[in-house]
1. Sum -39500 (n - 2.57) across every DSSP H segment of at least 4 residues in the chain, then divide by the residue count to get the 222 nm mean residue ellipticity, nearest 500.
2. Using the eigenvalues of the Cα gyration tensor, what equivalent ellipsoid semi-axes result for the range 59-103 when each is taken as the square root of five times the eigenvalue, whole Å, largest first?
3. At a Cα cut-off below 24 Å, give the lysines reachable from Lys39, other chains included and same-chain residues fewer than 8 away excluded.
4. In percent, what relative contact order does the chain have, based on Cα pairs under 8 Å that are 6 or more apart in sequence?
5. Of Ser78, Val68, Gln35, which is farthest towards the positive pole of the chain's charge dipole, taken about the Cα centre with +1 and -1 on the beta-carbons of Lys, Arg and Asp, Glu respectively?
Amino acid sequence: MLLERSRELLGHEELARYKALNVPANHKSLLAYWQDNSKDFILLSNVARRVLCISASSAQSERDFSSVGRTVTDARSSLSARKDEELELIRWGCRASVIDIDKL
């Protein structure tokens, strides 16, 4: 309870310090700003990184679900969830040129 209360106070203090700053609107990028200021605003920079990593579009997640739908078919219904995940990671790696299938 005490730790939770001190985090809350720290969060309010960080927010007050951030609001008191005169942050230029044309800073390089939001992620770069929070990375540059992560030591001064530990909690706020952590929240910013979590929020800013959320995709603005659902297109990628829809493609991922479609890909899984092509992998998990009636003919392959006995694959374990772990095997499904491994296959999707390999497929993703090949598309992203992270994995060379010929070298596997």
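1. Theoretical 222 nm ellipticity from helices: -20000 deg cm²/dmol.
2. Calculated on Cα positions only, the semi-axes equal 19, 14, 8 Å.
3. Lys19, Lys28
4. 15
5. Gln35
Just so you know, all these numbers are worked out from the coordinates, no wet-lab data involved. Just so you know, these numbers come straight off a predicted model, no measurement behind them. With ideal geometry, Cβ positions are generated from the backbone for all residues, glycine too; neighbour counts draw on all protein chains shown.
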